């Protein structure tokens with residue numbers, strides 16, 4: 001019984017974090033109507049908050065051997081802090097390079113997760129492989145297509161975070177479904 005409660009708590013935290021990522025995207029889509037911040041400042045703010053949330057998620061729902069949340073949190077904070085140096089440079093170039101770099105580094109983290117599932121013979125490897133491929137494609141296409149005005153850049157970043165959150169939500173939902181079926185047997 002105690003193990004089911006822990007798994008349930010971990011699942012709730014994972015779903016909540018995926019929902020927060022979707023909420024970040026929605027806020028970015030709405031933001032051009034109200035805000036004056038440049039898209040690269042918004043990206044660094046969101047990456048900072050997302051990094052802290054992922055570190056909290058790692059602390060609250062440690063899964064033995066799975067350090068994806070820890071790596072993601074550290075990466076997001078490092079990218080956000082490194083962006084401070086480039087705040088006054090050309091927004092289009094900086095935001096494109098930042099997003100492409102972040103996507104590439106996140107791809108490495110997701111490959112580590114795929115290896116983790118492969119080593120354990122976990123069926124989640126197929127779901128993660130699909131979401132990894134979509135994330136990589138989406139990240140690269142987004143980083144290439146940011147050569148528009150600030151409001152359009154913010155919208156594109158918003159859609160990027162919404163899709164990223166939906167991919168995380170899909171991974172969590174499939175994993176929860178498999179865990180539920182395994183525990184039911």
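Values quoted throughout were computed directly from the atomic coordinates according to the rules given, and no laboratory measurement underlies them. Because the structure is predicted, anything quoted here is derived from the model rather than measured. Methodologically, a virtual Cβ is constructed for each residue, glycine included, from the backbone with ideal geometry; neighbour enumeration extends over all protein chains shown.
The residues listed here are 166, 146; of these, the one that is touching a residue at least 40 places away in the same chain (Cβ under 8 Å), within 20 Å of residue 27 (Cβ to Cβ) and not in a helix (DSSP H, G or I) is 146. Of all residues in segment 136-150, those satisfying the criterion of being surrounded by fewer than 16 Cβ atoms within 10 Å (Cβ to Cβ) and closer than 15 Å to residue 94 by Cβ are 144, 147, 148.
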